[in-house]
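Some notes on the structure that comes next.
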Amino acid sequence: MNDFIQAYSWINMRFLFEGMWVTVQVAFVSVILSFIMGSILGIIRYAKIPYVSWAVGLLIDLIRNLPLLLIIFFTYFALPHIGVQFSVIGSTIFAMTIFESAMLAEIVRGGVVSVPKGQSEGARSNGLSFGQTLWYILLPQAYKKMIPPIVSQFVSLIKDTSLATIIMLPEMTYRAQIIYAQNPKQIVPMFLMLAFLYFVLNYCLSKVGQVIDKRMVV
Amino acid sequence: MMHLISMYGVDFLTGFGWTLLSSVIALVGSLILGTLFAIIEVIPRPVPHYIARLYIEVLRNIPLLVITMFFYIVVSGIFKINGFVSGTIGLTLYTSAFIAETVKAGIYAVPTGQYEGGRANGLSWWETMRMIVLPQAFKYVIPPLGNQFVNLVKNSSVLAFVAGFDLMYQANQISQTTFDTFNPYIIVGILYLVITLPISYYMRYLEDKLAREG
Amino acid sequence: MKKILKMVGLGTVVLGMSMVWPGTGQADEKQNQVLNKIETRHEMVWGTKADTRLMGLMNIKTGKVEGFDVDVAKEVTKLIDPKAKPVFNEVTSGTRIPLLRNGNIDAIIATMSITPERAKAVDFSKPYLMAGQSLLVKKGSSIKNIDDVNHQNVTILGVQGSTSVEVAKQKAPNAKVLALSDYATALSALKAGQGDVLTTDASILAGMAAEDKHLQLVGGVFTEEPYGIAIAQDNPALVKKINRALAKMRGDGTYDRLVKKWFGQVPGMDWKELTKS
């Protein structure tokens, strides 16, 4: 019992919370960037521009089918060989953005495709251009449907940030490892705390997502 | 690159084998566990419902790495399990939560009339579930299951953290022996794609077919 | 037709990706660029361990890395450029060489032994600490020395990218070797019974044994692998400056003071042994 109390000392908790803040920041920036990138890629794939859409589609499929861990490693250790260099945080954000925008691109495309065909045909016959139809008719409806999947991608990102311990990103999991490596009696309490903090963070996020989703539908 | 393949071809293939093995075991395991918890959740009683809910929500919201490390470092103190087993258990539990959600959605997608019909004909709850609802539910479940398998293969890279001999682990080992941080990861990336791309494309084909059939 | 196009496309992407690998060559016109960078930015970026007691360990209270490596790095930085500020990046045995070669860090001071293999990939300073490999086991273990390790039922734990793993494979070919990503995980794995023995430099193991009374060093030091500071190739001026700084520290007593500060209190360890060059 004493070990538990010691493990949750303010010093340890502050160290963990700082890591949690890193996790949240990295995940948040990545989700915003991948939302933008994913929208662009998804629309390009949807638009069926000769060659371009096909090439973008292939790229999306390749990235979607690779492990994020591999992409993180590759960004941090291999890209500098071709002159692209990031810090640890930069690499994590870059890798997660690349990975997530490929995931989101498919969600965006799925969202746009799911809007009934009649709507875009109607808009086009009323003289709206392709861009206008997309912007005023298709995307607003698609995004509404996309809120749940996007929130669940955000939750994934928060969990996936833990993979960046491999390149020593000082996020929550890495910091918990530092703590329990120095004091083996704190291994179990640290794992419990780690699980608790991730759970609270992600569960709250999912709930907020559900509330927003309900509001939008009503 | 050719040099790497001729020198370390065996290591790459070993990694490929362990990755595939871990993914297949975890797929079977998480399918069983996931279906089980989906059924428990739809039992019309509060206690089993909330137990299943708790199981699913906890595993879904914690990083796979944390679950795996927990088994590798904490649980292995009680039961002797190595990195590969720890990783595969972590992978199974983590994925089972997602599969439970998928199967549950499949169960709910079956029209309630079917369930009511079964009960009206004197079948018990379990018989209705087993003979009428589940077989239909699985029809909706197959395409998302394919995607879960792709996720499993990708997520199995977490074995690299616990010396699980998988593709990522081999890539790290080779890159550290050769000081080449580029080509080992390209080769391993291709090997991952060899497993995941065909499944992804086949699943997309199935989804399209299912959508066309309505 | 479409399918063939797709296949060709895939092939091109893969080929293209593998061809961008430039190998060596780009360093030629960039001689001494690391030193220039340090002197213009007044900042020297060091790669240190964060999980190794006595050498480089993260202090949870302050969030800073502390240890012998860190102190030496601070002194060396001061002697190279009095205006420069040392900056510390955490590395592991597996990540340090790529990070140095990619330019993320200016120098490595992270329990890194000088070996001929590594010398092909990076340049080394003169040794700054005498190190050698030893074994760490749980108390009561039947393993007493390296010969006991050479057995089918024995699992050796080590860290990816460390020389100790290679030595272990040679000296105990019958045993199974598992390489973890960092010392924190390796130590946790030993305690969890994932392996029977953890092998690496005695100075690192001493820190672990000092922390946990259930662990002990056995088998003495059976290799001689002095630590060096590693610098990216083609930076002769920086190597020279680092060597001069190390010599000055040995001359004016700074060096002995630091070794004594970190290793003076460790039971079973003669700090003077470590200062041999």
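Per-structure values
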{"read-out": "Condition met for C:LYS144 (within 14 Å of another protein chain (Cβ to nearest Cβ) and not aliphatic (A, V, I, L, M))", "value": "no"}
{"read-out": "Contacts under 6 angstrom Cβ, first residue in the stretch C:80-107 being more than 25 Å from C:ALA184 (Cβ to Cβ), partner open to solvent by less than 10 Å² (accessible area, probe 1.4 Å) and of a type in the set (Ser, Thr, Tyr), 6 or more apart", "value": "C:ALA84/C:THR77"}
{"read-out": "Unique residue being β-branched (Val, Ile, Thr), more than 10 Å from chain A (Cβ to nearest Cβ) and either open to solvent by less than 40 Å² (accessible area, probe 1.4 Å) or closer than 29 Å to A:THR165 by Cβ (or both) when the list is B:VAL103, B:VAL158, B:VAL188, B:VAL150", "value": "B:VAL103"}
{"read-out": "Some residue of the stretch A:54-64 being outside any helix (DSSP H, G or I), in contact (Cβ under 8 Å) with a residue 24 or more places away in the chain, within 14 Å of chain C (Cβ to nearest Cβ) and not basic (Lys, Arg)", "value": "no"}
{"read-out": "Some residue of the stretch C:134-142 being closer than 23 Å to B:GLY164 by Cα, free of Cβ contacts under 8 Å to residues at least 24 places away in the same chain and open to solvent by 20 Å² or more (accessible area, probe 1.4 Å)", "value": "no"}
{"read-out": "Considering residues of the stretch B:48-61 that are among the charged types (D, E, K, R) and more than 15 Å from B:SER30 (Cβ to Cβ) only, the residue least open to solvent (accessible area, probe 1.4 Å)", "value": "B:GLU57"}
{"read-out": "Test: A:LEU163 is outside any helix (DSSP H, G or I), within 14 Å of chain C (Cβ to nearest Cβ) and open to solvent by less than 30 Å² (accessible area, probe 1.4 Å)", "value": "no"}
{"read-out": "Whichever residue in the stretch C:30-55 is in a strand (DSSP E or B) and within 12 Å of chain A (Cβ to nearest Cβ) and, among such residues, is surrounded by the fewest Cβ atoms within 10 Å (Cβ to Cβ)", "value": "C:VAL45"}
{"read-out": "Filter result for B:ALA26 (within 21 Å of B:PHE138 (Cβ to Cβ), in contact with a Lys or Arg (Cβ under 8 Å, 6 or more places away or on another chain), part of a helix (DSSP H, G or I) and open to solvent by less than 10 Å² (accessible area, probe 1.4 Å))", "value": "no"}
{"read-out": "Scan of the stretch A:170-191 for residues that are more than 10 Å from chain C (Cβ to nearest Cβ) and either more than 17 Å from C:ASP182 (Cβ to Cβ) or not in a helix (DSSP H, G or I) (or both), ordered by number", "value": "A:GLU171, A:GLN186, A:VAL188, A:PRO189, A:PHE191"}
{"read-out": "Matching residues in the stretch C:77-129 - criterion: being more than 12 Å from every other protein chain (Cβ to nearest Cβ) and of a type in the set (D, E, K, R)", "value": "C:LYS78, C:ASP81, C:LYS83, C:LYS85, C:ASP106, C:ASP123, C:LYS126"}
{"read-out": "Strands (runs of 3 or more DSSP E) enclosed by the stretch C:69-160 - at least 2 residues per element that are under 21 Å from B:PHE179 (Cβ atoms)", "value": "C:85-90, C:155-159"}
{"read-out": "Subset tally (residues that are surrounded by fewer than 22 Cβ atoms within 10 Å (Cβ to Cβ), closer than 25 Å to B:TYR192 by Cα and among the small types (Gly, Ala, Ser)) for the stretch A:41-73", "value": "3"}
{"read-out": "Scan of the stretch C:157-195 for residues that are at positive phi and open to solvent by less than 10 Å² (accessible area, probe 1.4 Å), ordered by number", "value": "none"}
{"read-out": "Within the stretch B:62-86, tally of residues that are open to solvent by 20 Å² or more (accessible area, probe 1.4 Å), facing another protein chain (nearest Cβ under 7 Å) and not in a loop (DSSP other than H, G, I, E, B)", "value": "3"}
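The values are calculated or read from the model by the stated rules, or taken from the named source; none is laboratory data. Quick caveat, the model's predicted, so the values are computed rather than measured. Because the Cβ atoms are built from the backbone with ideal geometry, glycine has one as well, and the counts that use them run over all protein chains shown. Quick note on the areas: whole protein, heavy atoms, side chains included, nothing else; ligands and nucleic acids left out. Shrake-Rupley method; radii C 1.70, N 1.55, O 1.52, S 1.80 Å.
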